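Inspection log for the structure reproduced underneath, given as structure tokens.
Laboratory data are not the source of any read-out in this text; all were calculated from the coordinates shown. None of the values given here were measured: they were computed from a predicted structure. Here the Cβ is made from the backbone with ideal geometry for all residues, glycine too, and neighbour counts use every protein chain on show.
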């Protein structure tokens, strides 16, 4: 929300999400990931298999978790909707 927009204006804007790559949080995570890459390059050589490896795995995990969580959320919504159509409730 920019300083010129009101809460009502923001709430009326609807974005269609086709994939996790459309999510703002995923875009921010990608930016953050590139900043982590810059930091990794500045670390000393002796950290090659310690801190560097851990930072690489963490940044990858961050974006992967966002993508996976969206898939789980969509699956649960579809399954819940289908279950409710049959008289079943799935939480």
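Quick notes
- Which of 52, 14 has the fewest Cβ neighbours within 10 Å, and the rest in rising order: 14, 52
- Once the C-beta distance of residue 71 and residue 48 is scaled by a Förster radius of 41 Å, the resulting FRET efficiency is 0.80 to the nearest 0.05.
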